[in-house]
Every structure is written in structure tokens, then in C-alpha cells.
Amino acid sequence: MKSRRGFNLVMSVVILFLPVAIGMSSESSEFESLVRFLKAVYPRNMLKLGHDGSRQNPCLDKWRGLKCNLQANTIVGIMLEKSNLGGVIDADSLCKLPNLRVLSLAENQIRGTIPSSMLGCRKLRYLNLSSNLLSGRIPSALIKMKNLRKLDISKNHFEGIIPISEDEFKHLNVLSMKASALESSTVDREESTDQNNATPGSSKNSQSKKIWSRQWIIWILLILGIVFCLLIVYFVGKKASKLSKEKAILKALRNSPSKTPLTKAPKEVKPEKRLSELVFFVEKQERFKLEDLLEATADLRSQSLCSTLYKVALKNNAIYAVKRLKKLEMPFEEFDQIMRQISYVKHENILPLVAYSHNPEEKLLIYKFQNKGSLLNLLEDYIESKRDFQWKLRLSIAEGIAKGLKFIYENPNDQEIIPHGNLKLSNILLDENDEPLISEFGYTRFLDPKRSGFCGTKGYTPPEKGLTEKSDVFSFGVILLELLTGKSVEKTSIDLPKWVNAMVREEWTGEVFDKELAKSAAQWAFPLLNIALKCVSYFPENRPTVVEVWEKIEEVMAAEQDYCMTPLSCHIECRQDCVLHSLIPETWDTPGSNY
């Protein structure tokens, strides 16, 4: 009996610690495979990924170039671009990393060939071996990796014709195989089919066709260049004629009827006599005369089918932004009522209206000029590497815009709610403290879509094309996506919601964020991405309200501040999946689920 009890006790201990032992063995095996791969790809062992190679947990040691899943304690990515690597690819060891999804060894000096055993890396989704010294034939094993979505093996020294057809590329989203050794191996996705069907007897014909095609290309480019120059001359002349007409209109304003202030006797003065007078919504010390405006220096900043914007500097050095409305026929009483309704909306994140002028030919709206420009200017400078655009500033701008919209739709003055209708980066100005100011509020109130045509901006307009709270939420969602991706809708005309949702569906959510967020604030960008995708839902009823959007952004800001105040934030790196599930309430769907 005693011996049987002892046997049962021993078996219980074995069963208890067997999974732990297996886990430790798998972790050790994965580490050894990683070390063998690194020694092969860089035999001089100067990568300095670890301290001395004795610690067997590269994820916790945070080796450079490794991306790990800390929850499963496994390696999911190896990114060693521009690391002066000079060895060969040990695919047998590499493919023993069971959860490897990303491998990027671009811009090194790796030699040899791509082993056919790469087929063993079954979970690999991204492979970038461009700009190396690889040679030989491209193995057909690459197109058999069905989980592979992005492949870049360009700028190497491959030889021969690729033995694959275009149909076998269908599972790839991005493919770049342009080589540098032989013309026969320089292929891309559109050329692969023609190369497979090529025969030795047709080589001379193909060369002569290439010569003729090059000549045709030269002629076409020459003709296009001439047409382009003619178009430039035409549009420059057209713009000059428009400017001359606008100057003539401004001169006509100067000779308009007498200017009688509205504040003296509004009931006794007929509207026709005050059409050209400035009506102010600021204190007396900030007011000026229409003559001062007409005699000031005006700089044309932008123009569209609906309006023209000037930067005007008065003689007292005060600078204003003057928007001239085009093709707007509206009685003075109606226009004045709308302007006064707009002036009641005063908030720190809404650009206040200084004054207006109503004339049969012209309607002028006057605002204080913001020297720092718009959010579009900031994003363009960031894209061109002229200015930093850090995460905290992006989050602060998003929160400020949401606060301004919340004030509009809360309607504290019990006035009629006026949707903005044209939210975009160029209509978000920045004050001296980089606080966002929503400009052109109320502008669409007197641009009735049935009467004057709706001058919305492509890329920000919702599918239903309405002037409602949910349409403003859609436009704000596009702005959030621009802040997260670093892409400009106004300049590129990209369908940003469609692109982001496609990336999310392909499980490449991390690739959505631009370089600044990816390296410094990805864990906080994920909840904001979830909010943005909710805002750009196709159906208005699936979008949140402005107040709900503001509350979610406030939650992200509060969570980030709490995290930064804890000591653990200096030592523990939060992973994307953990943050995405812990910060977003269950009532919100995952990104891309509702578009």
C-alpha cells in the first residue's frame, strides 16, 4: 500500500511539471534556432543583439531587431534592415521559429541563394530581401507560401526566367521582383505571364518590338510635355484674368453707397444703405472701417468654386483673413440673421467671426488670421520632414476638435443647431499654442444644397452627403485617420477609410500607423483607430454621436496619463493586443467591423 501511494505521488508531480518542462524546452529550442540563423546571416557575430548570448530569453532582453509576443513568449518578427549583414540565409533554422510572421533583411550584403526550404516558414506573411547580393534562380517555393502577403526580393542578382505564372501571385498584396542582373529576370506582376509564354525563336522579334515601343514612348512623352506646357499657359492666363476681375470688384466696393453704422438707428436706416457696411461682433477697440480694409495689402491665399480667401494686413499691422463668397444670392435680412446666429457660438476651439460685409456683388466674412496655418500645413511639413508631429500633439488636436464639435451640438444657447458640413484639415487652424480652431463654422448654413450647390470636399463627405451631426462625425473620423496614418486626403484624394479597413481585414493593422506613432505610441494609437473606424461607418445609424466620440478620446487621454504616472510604465512595454482589449469598452466593436 505504501509503495502504491508513493508511486501515485511521483506520477502527480510528473504530470504537474511536465507542461512546464515542455514549454521550457520549446523556448530553448526556439532560442537556439534563432542563434543559428543569426550566426549564419552574420558570421562575424557583431550584431550585439544580446549581451553575450548566455541569457536565453531574447524577448525579455529586448534584442535589437526582434519583435515578440510577450504573452506567448515567442518571436513573431525579425527586422534587421541596414545592419551590415554579410552571411547567408539558414532557412532550416529560421523556419523552426514556429510563429515567425515578419522577416526583413533589406539593404544588407547577404550572399548565396534563397533556399527552397523557405517553404517551411508556413506562417510567414512579410518577406523583404531587397537590396542584397543574392544570386541564382528564384525558387518556386516562394509562391507556394500561401500565407505570404508581401514579397520584395528586388535589387539582387538573380538569373534566368521565373518559373511561375501570374495566377500563382493572386494571394500576394504587394510583389516586387525587379532584378539587376539579366533583363530576362527583371519582372513584375504584370510581366510575369508574358515571360512564361516566351520562346527562344521570338527573342529577335521581342527586341525589335522593344525598340519600336521605346521610340513610341519618347514621342508620347514629348507630345504630353507640349500639351502640359500649353495647359500651364492657359490656366496661368485664366487665373490672371480672375485676379483682375476680383480687383475690379473690390474697387467697386469702395465706390458703393454711403456707409451708415448699424448701431445708431437700425430701424430708421433701410437695408439698401447698409449693404456695404462692416458689421462687427467684437469690442469697439478692435473695429475698423471698410475703407481701411479696401486700402490694405491683400494676399490671395486660396480659391475654389465657392469662395476666395485673402490675407489682409491693415496699416496698424493687424492681420485678418477675409473670405469672399461667390455666386451667393441672399437677401440682407436673411444673411444678417445667419451671421448673428453664427456669432453666438463662442468656444475656445471654434474660430470666432470678427465681422461681415453684405453687398449685392460681394459677401465678405472676416476672421483673425492664424500665423501657424492649418492642420494641413502641419501634416505636409511633417511628411516632408520639416517638422516633428508627436503623438501628444496629435491626441491634443483630436481632443480639441471633438470639444468644439461637442459644444456645437450641445447647443448651450438654445439656438438652432448648425452642422459644420465641411470638416477637413485645411479648415482646422492652429493658434499660437497649437490649439485647434474649427474654421468656416456655419458657412454651409447659407450655402443651401438645393439653392447654391454644396461645395463639400472629396474624401471627407459621407456616403449619404447630408448636413447632419452624423455627417460631421464621418468627416471627423477621416481627420482622425489622417492623424494616425500621416496621409493627406486633400492632397492625394485617397479613400482613406477604404484603405484602412482593407489593411485591418488583412490583419496588417500595425502597418496603418505612420513611422512616428509606430515607434513611440502604437499602444495608444490603437484605441483611437477603433474610434475613427466607428466614425467612418457606412451607415449613419452605426456611427457614434459627437459626445460619445469626445468621451472615448477623453478615456484614451486619461488612460495614457495614468499609465505614464506608474513606475511600471518605465520597464514594461504594453503590447498592442493587450491595450486594444483593455482600453476599449465591450460596447465598441473591433476596428473595421462596421464599414
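The values are calculated or read from the model by the stated rules, or taken from the named source; none is laboratory data. Note that this is a predicted model, so its numbers are computed, not measured. All Cβ positions, glycine included, derive from the backbone under ideal geometry; neighbour counts span all protein chains shown.
Here are the numbers for this structure:
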{"quantity": "Ser93 touching a residue at least 40 places away in the same chain (Cβ under 8 Å) and either touching a strand residue (DSSP E or B) at 6+ places or on another chain (Cβ under 7 Å) or not acidic (Asp, Glu) (or both)", "calculated": "yes"}
{"quantity": "Residue within the range 272-289 that is part of a helix (DSSP H, G or I), touching a strand residue (DSSP E or B) at 6+ places or on another chain (Cβ under 9 Å), surrounded by 18 or more Cβ atoms within 10 Å (Cβ to Cβ) and not aromatic (Phe, Trp, Tyr) present", "calculated": "yes"}
{"quantity": "Single residue of Ala318, Ala252 found to be at pLDDT 70 or above and either more than 23 Å from Asn427 (Cβ to Cβ) or assigned by TED's automatic domain parsing to the domain that holds Glu361 (or both)", "calculated": "Ala318"}
{"quantity": "Any hit, the range 532-546, residues being assigned to a helix (DSSP H, G or I), modelled with pLDDT under 95 and of a type in the set (A, V, I, L, M)", "calculated": "no"}
{"quantity": "Boolean, Ser396 is assigned by TED's automatic domain parsing to the domain that holds Pro462 and touching a residue at least 24 places away in the same chain (Cβ under 8 Å)", "calculated": "yes"}
{"quantity": "Members of the range 125-155 that are outside any loop (DSSP other than H, G, I, E, B) and at positive phi", "calculated": "Gly136"}
{"quantity": "Qualifying residue in the range 66-85 (condition: touching a Pro at 6+ places or on another chain (Cβ under 6 Å), assigned to a loop (DSSP other than H, G, I, E, B) and either assigned by TED's automatic domain parsing to the domain that holds Phe158 or in contact (Cβ under 8 Å) with a residue 40 or more places away in the chain (or both))", "calculated": "no"}
{"quantity": "Residue in the range 87-104 that is under 29 Å from Ala518 (Cβ atoms), at pLDDT below 50, part of a loop (DSSP other than H, G, I, E, B) and in contact with a Pro (Cβ under 8 Å, 6 or more places away or on another chain) present", "calculated": "no"}
{"quantity": "Unmet requirement for Ser426, which otherwise passes all of (1) under 24 Å from Pro544 (Cβ atoms); (2) modelled with pLDDT of 90 or more", "calculated": "(1)"}
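For (1) part of a loop (DSSP other than H, G, I, E, B); (2) out of contact with any strand residue (DSSP E or B) (no Cβ under 9 Å at 6 or more places or on another chain); (3) not β-branched (Val, Ile, Thr), each residue gets a yes or a no:
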residue: Arg340; (1), (2), (3): no, no, yes
residue: Leu353; (1), (2), (3): yes, no, yes
residue: Leu393; (1), (2), (3): no, yes, yes
residue: Ile397; (1), (2), (3): no, no, no
residue: Ile418; (1), (2), (3): yes, yes, no
residue: Gly421; (1), (2), (3): yes, yes, yes
